[in-house]
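**Student:** Before I ask anything, let me first share the structure, which is written out below as structure tokens.
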Amino acid sequence: MKKHLRFSLLAALVLTTVSATAFAAEEAKQEVKPITKVMLARLGWVQSMTRNIAYSNYEGVAKDANDLAAQTKKVGDASAAAFGKEKNLAISGLALAMADAAGKKDGATLSVKFGEILGTCNSCHAKLRDK
């Protein structure tokens, strides 16, 4: 009886391992779209800026805002769609203004620009979601 129990447990372990490995391999095969990579980078900067604003880390805010500005300008300049170009370039300009405010340690202006960035992001996401 003990032998059968060990064999059953070993077989279950092997099947679980094989299933988990197959599942992991299938997950790895799923391709991440380029726009998803772009949006995940933006999410990272927004989260980092939120944290840096909370801690009055103006240098960190300026770095993230400049990185966001550069990426959105690059995407906006390359965008064939007028709406995408407009939104990306708007975010780029707002992010540059935010970086400038951070350089001056002007928390009030920085917060306003950050709110405008989030509003611009939301307006684009709402349009795409409601499509």
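**Student:** Specify whether the C-alpha gyration tensor of the range 60-131 places it in the rounded, prolate or oblate class, a ≥ b ≥ c being the square roots of the eigenvalues: rounded for a/c under 1.5, otherwise prolate if a/b is larger than b/c and oblate if not. Present the calculation step by step, with values, prior to reporting the outcome.
**Tutor:** Values: a/c = 3.04, a/b = 1.66, b/c = 1.83.
It comes out oblate by the Cα gyration axes.
**Student:** The range 86-104 to the range 38-65: how many Å between their Cα centroids?
**Tutor:** Using only Cα atoms, the two centres lie 12 Å from each other.
**Student:** Could you order Leu68, Leu40 so the one with the most accessible surface comes first? Probe is 1.4 Å.
**Tutor:** On the way: Leu68 5, Leu40 105 Å².
The ordering from most to least exposed comes out as Leu40, Leu68.
**Student:** 7 Å from Cα along Cα→Cβ at both Leu89 and Leu43: what's the point-to-point distance in nm?
**Tutor:** Output for this residue pair reads 2.8 nm.
**Student:** Using θ = phi - 60° and the Karplus curve 6.51 cos²θ - 1.76 cosθ + 1.60, what whole-Hz ³J(HN,Hα) does each residue of the range 91-107 get, with Gly and Pro shown as x?
**Tutor:** 4, 4, x, 5, 5, 5, 5, 5, 4, 5, 5, 5, x, 8, 6, 9, x
**Student:** What figure, in Å² to the nearest 10, do you get for the accessible area of Asp130 with a 1.4 Å probe and non-protein molecules left out?
**Tutor:** 120
**Student:** Note down the net charge around Pro34, summing +1 for each Lys or Arg and -1 for each Asp or Glu among other residues with Cβ under 15 Å from its Cβ. Don't jump to the answer; show the numbers that get you there.
**Tutor:** Working: positive: Lys33, Lys37, Arg42, Lys74; negative: Glu31.
So the surrounding residues net to +3.
**Student:** Show me, for the range 57-63, the HN-Hα J-couplings you get by feeding each phi into the Karplus relation (A = 6.51, B = -1.76, C = 1.60, θ = phi - 60°), rounded to Hz, glycine and proline as x.
**Tutor:** 8, 5, 4, x, 4, 4, 4
**Student:** I've got another one for you. What is the sum of charges around Gly119, taking Lys and Arg as +1, Asp and Glu as -1, for the other residues whose C-beta is under 12 Å from the C-beta of Gly119?
**Tutor:** Charge balance near Gly119 sits at +1.
**Student:** Could you put Phe114, Phe83 in order of accessible surface area, largest first, with the 1.4 Å probe and the full protein assembly present?
**Tutor:** Sorted descending by solvent-accessible area, the residues read Phe83, Phe114.
The values are calculated or read from the model by the stated rules, or taken from the named source; none is laboratory data. Since the model is a prediction, treat every value here as computed from it, not as a measurement. Note: ideal-geometry Cβ built from the backbone for every residue, glycine included; neighbour counts use all protein chains shown. The protein model used for the area step is the full one, side chains on, heavy atoms only, and it has no ligands, DNA or RNA in it. Shrake-Rupley method; radii C 1.70, N 1.55, O 1.52, S 1.80 Å.
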